[in-house]
Amino acid sequence: MKKHFFVLATALVLGSMVAYAQKGADKLVSFGIRAGVNLQKIYGDDFLGNKLTNDFKTGFHAGINADLFISEGFYLQPGLLYSTKGAKKTNNNTEYTQHISYIELPVNLLFKPQVGNGRLLLGAGPYAAYGISGKSKTKSGDAAIELDAKFKNKVSAADYLNGLYYLKPFDFGGNILVGYELNSGFSLQLNGQLGLSQMNPEIKGVTADKSNWKNIGFGASLGYRF
(Lines give C-alpha, C1' and ligand atoms only; values in the text may rest on other atoms or scores of the structure.)
Protein backbone atom coordinates (compact mmCIF):
# COMPACT_ATOMS: atom_id res chain seq x y z
CA MET A 1 0.00 0.00 0.00
CA LYS A 2 2.83 2.41 0.84
CA LYS A 3 4.47 1.70 -2.51
CA HIS A 4 1.17 2.25 -4.37
CA PHE A 5 0.59 5.59 -2.63
CA PHE A 6 4.11 6.78 -3.38
CA VAL A 7 3.86 5.76 -7.03
CA LEU A 8 0.45 7.43 -7.42
CA ALA A 9 1.58 10.66 -5.74
CA THR A 10 4.72 10.79 -7.86
CA ALA A 11 2.75 10.12 -11.03
CA LEU A 12 0.24 12.88 -10.26
CA VAL A 13 2.92 15.47 -9.59
CA LEU A 14 5.25 14.51 -12.42
CA GLY A 15 2.33 14.01 -14.81
CA SER A 16 1.09 17.53 -14.26
CA MET A 17 4.62 18.85 -14.60
CA VAL A 18 5.20 17.05 -17.88
CA ALA A 19 1.85 18.14 -19.30
CA TYR A 20 2.70 21.78 -18.73
CA ALA A 21 6.38 21.45 -19.48
CA GLN A 22 5.46 20.48 -23.04
CA LYS A 23 4.28 24.08 -23.37
CA GLY A 24 7.45 25.48 -21.80
CA ALA A 25 7.82 28.06 -24.55
CA ASP A 26 4.63 29.70 -23.21
CA LYS A 27 6.10 29.94 -19.69
CA LEU A 28 3.16 28.10 -18.19
CA VAL A 29 5.23 26.18 -15.66
CA SER A 30 8.22 26.56 -13.37
CA PHE A 31 9.83 23.97 -11.12
CA GLY A 32 11.11 24.39 -7.62
CA ILE A 33 12.68 22.74 -4.62
CA ARG A 34 12.14 23.65 -1.01
CA ALA A 35 13.24 22.49 2.42
CA GLY A 36 12.84 23.73 5.95
CA VAL A 37 11.97 23.16 9.56
CA ASN A 38 8.67 21.95 11.06
CA LEU A 39 7.27 22.63 14.51
CA GLN A 40 4.54 20.01 14.91
CA LYS A 41 2.41 18.50 17.64
CA ILE A 42 -0.55 16.17 18.02
CA TYR A 43 -3.73 17.77 19.36
CA GLY A 44 -7.17 16.43 20.22
CA ASP A 45 -8.53 14.12 22.92
CA ASP A 46 -7.25 11.07 24.81
CA PHE A 47 -9.08 7.83 25.57
CA LEU A 48 -11.21 9.47 28.29
CA GLY A 49 -12.00 12.55 26.19
CA ASN A 50 -9.54 14.85 27.98
CA LYS A 51 -7.57 17.35 25.91
CA LEU A 52 -4.07 16.26 24.94
CA THR A 53 -1.30 18.36 26.48
CA ASN A 54 1.49 17.74 23.97
CA ASP A 55 4.24 20.22 23.16
CA PHE A 56 5.61 21.08 19.74
CA LYS A 57 8.39 18.91 18.35
CA THR A 58 11.00 19.99 15.80
CA GLY A 59 11.15 18.18 12.46
CA PHE A 60 11.89 18.99 8.84
CA HIS A 61 10.52 18.77 5.31
CA ALA A 62 12.07 18.67 1.85
CA GLY A 63 10.78 18.11 -1.66
CA ILE A 64 9.83 19.43 -5.08
CA ASN A 65 6.95 21.42 -6.55
CA ALA A 66 5.71 23.07 -9.73
CA ASP A 67 3.92 26.38 -10.31
CA LEU A 68 1.25 25.87 -12.99
CA PHE A 69 -0.04 29.13 -14.48
CA ILE A 70 -3.82 29.71 -14.22
CA SER A 71 -4.25 33.43 -14.87
CA GLU A 72 -2.37 36.64 -14.16
CA GLY A 73 -0.86 36.29 -10.68
CA PHE A 74 -2.55 32.94 -9.90
CA TYR A 75 -0.90 29.52 -9.94
CA LEU A 76 -1.70 25.95 -8.91
CA GLN A 77 1.20 24.42 -7.02
CA PRO A 78 1.31 20.63 -6.56
CA GLY A 79 4.24 19.26 -4.61
CA LEU A 80 5.79 16.11 -3.22
CA LEU A 81 7.46 16.28 0.20
CA TYR A 82 9.13 14.11 2.78
CA SER A 83 7.96 15.52 6.12
CA THR A 84 8.57 14.56 9.75
CA LYS A 85 5.95 15.30 12.39
CA GLY A 86 5.03 14.16 15.88
CA ALA A 87 4.86 15.52 19.42
CA LYS A 88 6.57 15.49 22.78
CA LYS A 89 5.45 15.76 26.40
CA THR A 90 7.11 15.78 29.81
CA ASN A 91 5.23 14.50 32.85
CA ASN A 92 7.22 14.70 36.10
CA ASN A 93 10.56 13.09 35.13
CA THR A 94 9.20 11.09 32.21
CA GLU A 95 9.53 12.24 28.60
CA TYR A 96 7.20 11.00 25.88
CA THR A 97 8.11 11.53 22.22
CA GLN A 98 6.34 10.59 18.98
CA HIS A 99 8.22 10.81 15.67
CA ILE A 100 6.31 10.15 12.42
CA SER A 101 7.57 10.36 8.82
CA TYR A 102 5.19 11.03 5.94
CA ILE A 103 5.25 11.25 2.17
CA GLU A 104 3.07 14.30 1.60
CA LEU A 105 1.23 15.65 -1.44
CA PRO A 106 0.18 19.32 -0.99
CA VAL A 107 -1.80 21.15 -3.69
CA ASN A 108 -1.96 24.89 -3.07
CA LEU A 109 -3.60 27.76 -4.93
CA LEU A 110 -1.06 30.61 -5.03
CA PHE A 111 -1.48 34.33 -5.53
CA LYS A 112 1.88 35.80 -6.61
CA PRO A 113 1.62 39.55 -7.28
CA GLN A 114 4.76 41.44 -8.29
CA VAL A 115 6.06 43.47 -5.32
CA GLY A 116 9.41 45.22 -5.58
CA ASN A 117 12.20 42.95 -6.83
CA GLY A 118 10.12 39.81 -6.53
CA ARG A 119 6.71 38.36 -5.84
CA LEU A 120 4.62 38.11 -2.70
CA LEU A 121 3.50 34.54 -1.99
CA LEU A 122 0.02 33.89 -0.58
CA GLY A 123 -1.39 30.40 -0.76
CA ALA A 124 -3.75 27.81 0.67
CA GLY A 125 -4.93 24.33 -0.19
CA PRO A 126 -5.32 20.72 0.93
CA TYR A 127 -2.71 18.06 1.55
CA ALA A 128 -2.77 14.27 1.65
CA ALA A 129 -0.07 12.24 3.36
CA TYR A 130 0.91 8.63 3.92
CA GLY A 131 2.88 7.44 6.96
CA ILE A 132 6.00 5.46 6.09
CA SER A 133 7.60 5.12 9.53
CA GLY A 134 7.10 6.12 13.13
CA LYS A 135 8.47 5.67 16.60
CA SER A 136 7.22 6.25 20.14
CA LYS A 137 9.77 6.72 22.91
CA THR A 138 9.23 6.85 26.66
CA LYS A 139 12.24 7.88 28.74
CA SER A 140 12.51 8.07 32.52
CA GLY A 141 15.98 8.62 33.92
CA ASP A 142 18.36 6.16 32.24
CA ALA A 143 15.54 3.80 31.24
CA ALA A 144 13.88 4.11 27.83
CA ILE A 145 11.30 2.16 25.86
CA GLU A 146 11.02 2.56 22.08
CA LEU A 147 8.18 1.20 19.94
CA ASP A 148 8.03 1.22 16.14
CA ALA A 149 4.72 2.39 14.72
CA LYS A 150 2.35 -0.08 13.11
CA PHE A 151 0.02 1.53 10.58
CA LYS A 152 -3.55 0.23 10.76
CA ASN A 153 -7.02 1.76 10.49
CA LYS A 154 -8.47 -0.60 13.09
CA VAL A 155 -6.91 -2.63 15.93
CA SER A 156 -8.27 -5.21 18.32
CA ALA A 157 -8.72 -4.52 22.02
CA ALA A 158 -6.02 -7.11 22.71
CA ASP A 159 -3.55 -5.23 20.52
CA TYR A 160 -4.38 -1.98 22.29
CA LEU A 161 -3.97 -3.49 25.75
CA ASN A 162 -0.58 -4.90 24.75
CA GLY A 163 0.69 -1.32 24.67
CA LEU A 164 1.85 -1.31 21.05
CA TYR A 165 2.09 1.92 19.04
CA TYR A 166 -0.53 2.19 16.29
CA LEU A 167 -1.33 4.95 13.82
CA LYS A 168 -3.60 5.29 10.82
CA PRO A 169 -1.56 5.36 7.59
CA PHE A 170 -3.41 8.20 5.83
CA ASP A 171 -3.57 11.82 6.94
CA PHE A 172 -5.11 14.85 5.26
CA GLY A 173 -5.77 18.47 6.10
CA GLY A 174 -5.17 22.04 4.99
CA ASN A 175 -2.15 24.31 4.36
CA ILE A 176 -1.66 28.05 4.37
CA LEU A 177 1.52 29.90 3.41
CA VAL A 178 2.90 33.42 3.10
CA GLY A 179 6.30 34.40 1.78
CA TYR A 180 8.38 36.26 -0.75
CA GLU A 181 10.11 35.06 -3.91
CA LEU A 182 12.97 37.05 -5.45
CA ASN A 183 13.26 37.42 -9.21
CA SER A 184 16.49 35.38 -8.93
CA GLY A 185 14.36 32.37 -7.90
CA PHE A 186 15.20 32.20 -4.18
CA SER A 187 12.30 32.33 -1.74
CA LEU A 188 11.40 32.26 1.93
CA GLN A 189 7.97 31.22 3.16
CA LEU A 190 6.16 30.58 6.43
CA ASN A 191 3.83 27.57 6.52
CA GLY A 192 0.84 26.61 8.64
CA GLN A 193 -0.84 23.20 8.62
CA LEU A 194 -3.97 21.83 10.25
CA GLY A 195 -4.71 18.11 10.18
CA LEU A 196 -8.37 17.21 9.71
CA SER A 197 -8.26 13.41 9.89
CA GLN A 198 -7.99 11.21 12.96
CA MET A 199 -4.50 9.72 13.33
CA ASN A 200 -5.16 7.01 15.91
CA PRO A 201 -6.93 3.84 14.77
CA GLU A 202 -10.34 2.66 15.89
CA ILE A 203 -10.31 0.03 18.64
CA LYS A 204 -12.76 -2.64 17.51
CA GLY A 205 -15.54 -3.33 19.99
CA VAL A 206 -14.53 -0.53 22.38
CA THR A 207 -17.22 2.15 22.30
CA ALA A 208 -15.84 4.01 25.34
CA ASP A 209 -12.76 5.17 23.41
CA LYS A 210 -12.94 8.94 22.87
CA SER A 211 -9.44 9.30 21.43
CA ASN A 212 -9.10 11.68 18.50
CA TRP A 213 -5.54 12.64 17.55
CA LYS A 214 -4.73 15.09 14.76
CA ASN A 215 -1.59 16.79 13.41
CA ILE A 216 -1.06 20.53 13.68
CA GLY A 217 1.98 22.68 13.11
CA PHE A 218 3.84 25.45 11.39
CA GLY A 219 7.29 26.04 9.96
CA ALA A 220 9.53 27.90 7.54
CA SER A 221 10.97 26.95 4.15
CA LEU A 222 13.78 28.09 1.90
CA GLY A 223 13.21 27.46 -1.79
CA TYR A 224 14.61 27.93 -5.25
CA ARG A 225 12.61 28.15 -8.48
CA PHE A 226 14.32 27.23 -11.76
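The values are calculated or read from the model by the stated rules, or taken from the named source; none is laboratory data. Because the structure is predicted, anything quoted here is derived from the model rather than measured. Virtual Cβ from ideal backbone geometry, glycine too; neighbours counted across all protein chains shown. Protein only, heavy atoms only, side chains kept; ligands, DNA and RNA dropped before computing areas. Shrake-Rupley method; radii C 1.70, N 1.55, O 1.52, S 1.80 Å.
Restricting to the range 174-184, give me the number of residues that are over 13 Å from Phe218 (Cα atoms) and surrounded by 14 or more Cβ atoms within 10 Å (Cβ to Cβ). I'd like the intermediate steps shown before the answer.
Taking the range 174-184 first, the residues over 13 Å from Phe218 (Cα atoms) are 179-184.
Filter again for surrounded by 14 or more Cβ atoms within 10 Å (Cβ to Cβ), leaving 179-182.
Qualifying residue count for the region: 4.
Test each condition in (1) touching a residue at least 12 places away in the same chain (Cβ under 8 Å); (2) part of a strand (DSSP E or B) for Val206 and report the one that comes out false.
Exception for Val206: condition (2).
Among the residues of the range 166-183, count how many are in contact (Cβ under 8 Å) with a residue 40 or more places away in the chain and either farther than 30 Å from Ile64 by Cβ or among the small types (Gly, Ala, Ser) (or both). Steps first, please.
The first filter runs over the range 166-183 and keeps only residues in contact (Cβ under 8 Å) with a residue 40 or more places away in the chain, leaving 167, 169-183.
Applying the additional criterion that residues be either farther than 30 Å from Ile64 by Cβ or among the small types (Gly, Ala, Ser) (or both) yields 173-174, 179.
So the count comes out to 3.
I'd like the residue in the range 39-50 that is of a type in the set (A, V, I, L, M) and in a strand (DSSP E or B) and, out of all such residues, is nearest to Thr97 (Cα to Cα). Explain how you work it out, then say what you get.
Of the range 39-50, the ones of a type in the set (A, V, I, L, M) are 39, 42, 48.
With in a strand (DSSP E or B) added as a condition, the list becomes 39, 42.
Numbers: Leu39: 14, Ile42: 11 Å.
Only one residue fits best here, namely Ile42.
Kindly evaluate Asp171 against the criterion of being acidic (Asp, Glu), surrounded by 15 or more Cβ atoms within 10 Å (Cβ to Cβ) and assigned to a helix (DSSP H, G or I). Spell out the reasoning first.
Details: acidic (Asp, Glu): yes; surrounded by 15 or more Cβ atoms within 10 Å (Cβ to Cβ): yes; assigned to a helix (DSSP H, G or I): no.
It is false that Asp171 is acidic (Asp, Glu), surrounded by 15 or more Cβ atoms within 10 Å (Cβ to Cβ) and assigned to a helix (DSSP H, G or I).
Let's see how each residue does on (1) within 23 Å of Lys41 (Cα to Cα); (2) among the aliphatic types (A, V, I, L, M):
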position	(1), (2)
Ser140	yes, no
Ile145	yes, yes
Asp148	yes, no
Lys168	yes, no
Glu181	no, no
Gln198	yes, no
Ile203	yes, yes
Ala220	yes, yes
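Which pairs have Cβ atoms under 8 Å, sit 6 or more apart or on different chains, and link a residue in the range 106-126 that is within 26 Å of Phe172 (Cα to Cα) and free of Cβ contacts under 8 Å to residues at least 12 places away in the same chain to one that is in a loop (DSSP other than H, G, I, E, B) and open to solvent by 70 Å² or more (accessible area, probe 1.4 Å)?
Pairs found: none.
I need the strands (runs of 3 or more DSSP E) fully contained in the range 51-149, keeping only those with at least 1 residues that are crowded, with 18+ Cβ neighbours inside 10 Å. Talk me through it step by step, then tell me what you get.
On the way: elements: 57-71, 74-91, 94-111, 118-140, 143-148.
Qualifying strands (runs of 3 or more DSSP E): 57-71, 74-91, 94-111, 118-140.
Please go through the range 174-203 and pick out each residue that is assigned to a strand (DSSP E or B) and among the hydrophobic types (A, V, I, L, M, F, W, C).
Going residue by residue through the range 174-203, those that are assigned to a strand (DSSP E or B) are 174-182, 186-195, 202-203.
Scanning the range 174-203 gives Ile176, Leu177, Val178, Leu182, Phe186, Leu188, Leu190, Leu194, Ile203.
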